[in-house]
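Only one structure is covered here, and it is reproduced in the block below.
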Amino acid sequence: MSEERRERRSYLIGTLLSILLTAIAFATIPLDLPRGGTMLLIGISAVLQVIVQLRFFLHIDLSRQKREDLQLILFSLLLLGIMAGGTIWILTNLSQRMM
Amino acid sequence: MSQNLHPGLNLGASHGDAHQQSELSVFGFWVFLMSDLITFGVLFATYAASSTPIAMAGGPGPAALFDLTSTGMQTAFLLASSLTCGMASLALKYREGPRRIALWLAVTALLGAGFLALELRDFADMIAKGATPMRSGWLSSLYALVGLHGLHITAGLVWIVVLLLLIWRRGVTDLIKTRLLIFALYWHFLDLVWIGIFSVVFLRGLA
């Protein structure tokens, strides 16, 4: 298969998988599952869809990256993890203590 | 298989200088995207910390304000626009001509405008129900997060118009090739952020 057809197909596959994962996430609301299960399904399909779009739309493929690009992305994710994770951790803890 | 110089769709060796020159600009744009990601991430954290009954301050909550159908349609518009944006990138890479590139870009802009129209209608409905940003801490963080994404989409629409004017006036020059690559990264990135927004804000709010 030529590179052109392969790349065109990659966008279509990415879109189809995204539609599927979005449909799963949205279907949890009318299905009225237990709250824990709903959260888990929404979370898993969101993470999977982010990976799908990174792979098929943004062409992030770890094996072919130049090193500094990969380091940039990983370092940003580390900073984000510390700031966002830390904020949520500290504030939910505070909220529980103030109940 | 041509060698990839940067993350994202590469023009490929057949584009010669434009392929080489785009390396630095695209890397620089990734630095911007990652700092933008941190801005969004911190707003997500603020939102998550504010979506408690205390932070809703007795005001209207998610069940009274969110409309699943509208959120679904916005998601569909944005996902479709991501696909058409990818088609514009491929039209550029495989030299299908400026008309084809411009056509896909215009479709992307129309879908983006459809998304924005629905989002603004939802905001107007919420405000009509008394859910202004000033009503509660939860609503402040909601408008900050969803509104910032909406502003990014608005900026993207202006960007498409500028790109279309440049293609019309100057044709597909090397400089414009690099700008199209960068725009595609920006637009796909906004779709990524939207996955977070519909999951964390709308679906989690209605669950």
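The numbers here are math on the coordinates, done by the rules we state, and not lab data. From a predicted model like this one, the values you see are computed outputs, not experimental measurements. As a convention, Cβ positions derive from the backbone with ideal geometry for all residues, glycine included, and neighbour counts pool all protein chains shown.
Taking 25 Å as R0, compute the FRET efficiency from the Cβ-Cβ separation of A:ILE88 and A:ASP61 and round it to 0.05. Intermediate results must be reported in sequence, preceding the final value.
Working: r = 30 Å, r/R0 = 1.22.
After rounding, the FRET efficiency stands at 0.25.
Scaling the Cα radius of gyration of chain B by the globular reference 2.2 N^0.38 Å produces a ratio of 1.15.
Each listed q (0.22, 0.29 Å⁻¹) maps to a log10 I(q)/I(0) for region B:145-207, found by the Debye formula over equal Cα scatterers with no solvent: -0.87, -1.17. Taken over the C-alpha atoms, region B:138-177 has Rg and Dmax values of 15.6, 48 angstrom.
When peptides B:200-207, B:11-18 are ranked by their average number of other Cβ atoms within 10 Å per residue, the highest-first order is B:200-207, B:11-18.
So for the pair B:VAL161, A:LEU33, with labels modelled 7 Å out along Cα→Cβ, what separation do we get in nm? Here the modelled spin labels are 4.4 nm apart. Taking only alpha carbon atoms, region B:59-180 gives an Rg to Rh ratio of 1.11, where Rh is the Kirkwood radius. Residue by residue, region A:2-12 carries 3J(HN,Hα) couplings of 5, 4, 4, 5, 4, 6, 4, 5, 4, 5, 5 Hz when phi is fed to the Karplus relation 6.51 cos²θ - 1.76 cosθ + 1.60 (θ = phi - 60°); x denotes Gly or Pro. In sequence order, region B:26-33 has phi-based couplings of 5, 4, x, 5, 4, 4, 4, 4 Hz under the Karplus curve 6.51 cos²θ - 1.76 cosθ + 1.60, θ = phi - 60°, and Gly or Pro positions carry x.
In a simple Cβ point-charge model (Lys, Arg +1; Asp, Glu -1; nothing else charged), the protein assembly as shown has a dipole of about 260 debye relative to its Cα centre. Debye sum, Cα scatterers, the protein assembly as shown, no solvent: what log₁₀ I/I(0) at q = 0.10 1/Å? For the requested q values the scattering log ratios are -0.58. Against the main long axis of the alpha-carbon atoms of chain B, helix B:68-93 sits at an angle near 10°.
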